[in-house]
Structure formats: structure tokens, C-alpha cells
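Novice: The structure that follows is given in the form of C-alpha cells.
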Amino acid sequence: MSALPVALTIAGSDSGGGAGLQADLKVFEAHGVFGTSAVTLVTAQNTLGVHGVHPLPPELVRAQIRAVLDDFPVGAVKTGALGTPAIVAAVAAELRGRNLPLIVDPVLLAKSGDALLDAQALHTLVTELLPLATLVTPNLPEWDALQQAGAPDTLPLLLKGGHGAGETVTDELRTPGHSLTFRAPRLHTRHTHGTGCTLSAAITANLTRGHLLPEAVTAAFAYLQRALHAAPGLGAGHGPLGFRVESAATPGG
């Protein structure tokens with residue numbers, strides 16, 4: 001029997017490779033985790049923006065999830081861009097009752113500002129998927145949108161502060177059992193495409209490896225800082241990160 005940990009990402013495809021399921025799989029690999037995926041939508045995308053979005057049929061999304069979970073020993077799951085209410089509902093229906101750690105990255109906009117989740121889908125996310133989440137990882141604008149859509153203040157939350165002001169980026173972990181603050185100097189760079197995907201995927205990988213949530217988030221935050229500094233400088237717009245940096249996910253595991 002293989003001891004290789006396995007994680008599942010349920011997310012959109014980024015043809016530029018810097019975000020979405022492509023980024024998630026690279027992060028999983030960097031953490032020594034075998035990555036599986038369920039594609040929710042396909043984007044025509046590069047560092048300059050999103051040039052097209054095509055959501056997949058919800059039944060196909062659900063079939064992908066079921067195929068993976070019925071055959072692989074998945075240790076944790078993350079969601080990214082889901083696109084439509086029907087896809088959100090399909091994902092929630094397939095994950096409900098599985099009792100797997102679930103990280104929900106509520107991807108509302110691409111780095112370019114293009115919408116990846118419509119208003120009705122946001123409501124479905126709040127009512128059907130967020131109650132299943134182990135942790136939700138919104139940035140400040142996403143958290144405002146989630147609250148306006150009815151998300152409760154009691155959600156286990158990692159509130160990302162990259163959109164805040166000042167020269168220090170502050171993320172806050174808020175759960176019933178833990179309250180932690182993570183700080184890093186603001187890095188003035190255009191190479192920030194996929195930061196949210198990278199952070200949530202690293203948390204998922206760490207949970208898959210058996211780490212408790214505070215340690216998983218702490219290691220993921222440190223990994224993201226190294227990935228930002230290791231950006232390869234690709235593209236003319238918001239470039240991707242450097243995923244193949246030493247993982248901080250392995251203490252004790």
C-alpha cells in the first residue's frame with residue numbers, strides 16, 4: 001500500500017499555468033503530495049487577463065470528483081473557481097458526508113479583475129459549500145462580498161490582507177480554537193498571479209500530510225513568501241510565482 005499522501009483540487013483551468021488547478025498541482029508536488037483534480041471551468045488566460053471562460057457541465061464536475069474519491073485515498077480537498085450556481089451545488093452535493101478536510105478558496109475575481117463567480121453562485125457558495133468547509137480563505141474584498149451574501153462571522157477563516165494598505169501584509173487565522181496573525185513585508189512586484197491558489201493549495205497539502213490546521217497555515221504562509229520571491233519573471237502582466245521552492249510542510253511529517 002502506498003504511503004504517498006493524496007490531495008484533490010476542484011478548480012478552474014488556467015491556460016497560463018500560474019493559477020487554478022495548474023498552480024494547485026504544482027504546489028501539491030512541491031509538498032510531496034500526489035495531486036488529483038476535478039476541472040470546473042476552462043479559461044483562456046495569460047498574465048494579461050482572462051480572454052474566455054467556459055464552465056463545464058455540473059454532472060461532469062461531479063463525476064470527476066466521484067471518480068477520484070472512490071479510488072484514491074484523498075486526505076484533503078480544496079476548491080477554487082467554481083463559476084456557476086449549478087457547479088457549486090454539484091460540488092457541495094458530492095462532498096457532503098465525505099468528512100474530508102475542505103479548504104474553500106472563494107475565487108470571485110481573477111488577478112486581472114475578470115469575474116469567475118456570478119452573484120447567484122456566491123449565494124449558493126454561502127448556503128451549500130461553506131458549511132462543509134474546514135477553512136475559508138478570502139481576501140478582504142472577497143470577505144466583504146461573502147458577508148453581504150450572508151456568510152456568518154463564525155466561519156473558520158483565514159483572512160488574507162494583501163489588499164490592505166501599508167508596507168506589511170497581515171493575514172489572520174480565525175477559528176473557534178485558534179487566533180493567529182501572520183505578517184510579512186509587502187513585496188512590490190507585479191508577479192503575484194495565483195497567490196490565493198498557492199496559499200490555499202499549500203494549506204491543503206499540509207493537512208493531507210497530517211498537520212493540524214494552525215501548523216498547516218503557518219507553513220503555507222511561509223511557503224507563499226518564498227514562492228513570491230522565487231517568481232520566474234514570466235509574462236508581461238501579473239506573472240506566476242516560483243512553486244519549486246523548499247516546502248515548509250515537512251516538520252514532523
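Novice: In region 1-22, what residues are of a type in the set (Gly, Ala, Ser) and out of contact with any strand residue (DSSP E or B) (no Cβ under 7 Å at 6 or more places or on another chain)? It would help to see each step written out before you state the result.
Specialist: Going through region 1-22, the residues of a type in the set (Gly, Ala, Ser) turn out to be 2-3, 7, 11-13, 15-20.
Ser2, Ala3, listed by residue number.
Novice: Now for a separate question. What number of residues within region 215-240 satisfy the criterion of being over 18 Å from Arg186 (Cβ atoms) and open to solvent by 20 Å² or more (accessible area, probe 1.4 Å)?
Specialist: Residues that pass the stated criteria total 7.
Novice: For residues that are of a type in the set (A, V, I, L, M, F, W, C) and touching a strand residue (DSSP E or B) at 6+ places or on another chain (Cβ under 6 Å), scanning just region 36-55, find the one that is surrounded by the fewest Cβ atoms within 10 Å (Cβ to Cβ). Explain how you work it out, then say what you get.
Specialist: So the first thing to find is which residues in region 36-55 are of a type in the set (A, V, I, L, M, F, W, C), and the list is 38-39, 41-42, 44, 48, 50, 53.
With touching a strand residue (DSSP E or B) at 6+ places or on another chain (Cβ under 6 Å) added as a condition, the list becomes 38-39, 41-42, 44, 50, 53.
Values: Ala38: 25, Val39: 17, Leu41: 21, Val42: 17, Ala44: 14, Val50: 21, Val53: 17.
Only one residue tops the list, namely Ala44.
Novice: Sticking with this one: Residues to consider are Ile65, Ile87; find the one that is assigned to a helix (DSSP H, G or I), open to solvent by less than 10 Å² (accessible area, probe 1.4 Å), in contact with a helix residue (DSSP H, G or I) (Cβ under 6 Å, 6 or more places away or on another chain) and within 19 Å of Ala23 (Cα to Cα).
Specialist: Details: Ile87 fails: within 19 Å of Ala23 (Cα to Cα).
From the options Ile65, Ile87, the qualifying one is Ile65.
Novice: Now for a different question. Here is a list of conditions, (1) assigned to a helix (DSSP H, G or I); (2) under 19 Å from Ala38 (Cβ atoms); (3) open to solvent by 10 Å² or more (accessible area, probe 1.4 Å); (4) among the hydrophobic types (A, V, I, L, M, F, W, C), and Leu100 meets all of them except one; can you say which number that is?
Specialist: Here Leu100 clears every test but (1).
Novice: Another question about this same structure. Which members of region 7-35 meet the condition of being in a strand (DSSP E or B) and open to solvent by 10 Å² or more (accessible area, probe 1.4 Å)? Even if it seems obvious, please write down each step before you answer.
Specialist: Within region 7-35, the first condition is being in a strand (DSSP E or B), and the residues that meet it are 7-14, 34-35.
Ser13, Phe34, Gly35, listed by residue number.
Novice: Could you list, ordered by first residue, the pairs with Cβ atoms under 6 Å in which the first is in region 85-108 and touching a residue at least 12 places away in the same chain (Cβ under 8 Å) and closer than 23 Å to Leu213 by Cα and the second is part of a loop (DSSP other than H, G, I, E, B) and of a type outside the set (Ser, Thr, Tyr), at least 6 apart or interchain?
Specialist: Final answer for the pair search is Leu102/Ala133; Val104/Ala133; Asp105/Gly80; Pro106/Pro138; Val107/Gly80; Val107/Ala81; Val107/Leu116.
Novice: Quick one: Ala81 ticks every box in (1) in a helix (DSSP H, G or I); (2) of a type in the set (A, V, I, L, M); (3) in contact (Cβ under 8 Å) with a residue 24 or more places away in the chain bar one, so which box is it?
Specialist: Here Ala81 clears every test but (1).
Novice: Please specify each residue of region 68-84 satisfying the condition of being open to solvent by less than 30 Å² (accessible area, probe 1.4 Å) and closer than 23 Å to Gly32 by Cα.
Specialist: Here is the first cut: in region 68-84, the ones open to solvent by less than 30 Å² (accessible area, probe 1.4 Å) are 68-69, 74-83.
Result: Val68, Leu69, Val74, Gly75, Ala76, Val77, Lys78, Thr79, Gly80.
Novice: Right, here's the next one. Take the residues of region 134-185 that are open to solvent by 70 Å² or more (accessible area, probe 1.4 Å) and among the small types (Gly, Ala, Ser): which is nearest to Phe221 (Cα to Cα)?
Specialist: For region 134-185, the residue satisfying everything is Ser179.
The values are calculated or read from the model by the stated rules, or taken from the named source; none is laboratory data. Predicted, not measured: the structure shown is a model, and the values here were computed from it. Note that each Cβ is placed from the backbone with ideal geometry, even for glycine, and that neighbours are counted across all protein chains shown. Ligands, DNA and RNA are stripped out before the accessible areas are found, and what is left, the full protein with its side chains, is counted by its heavy atoms. Shrake-Rupley method; radii C 1.70, N 1.55, O 1.52, S 1.80 Å.
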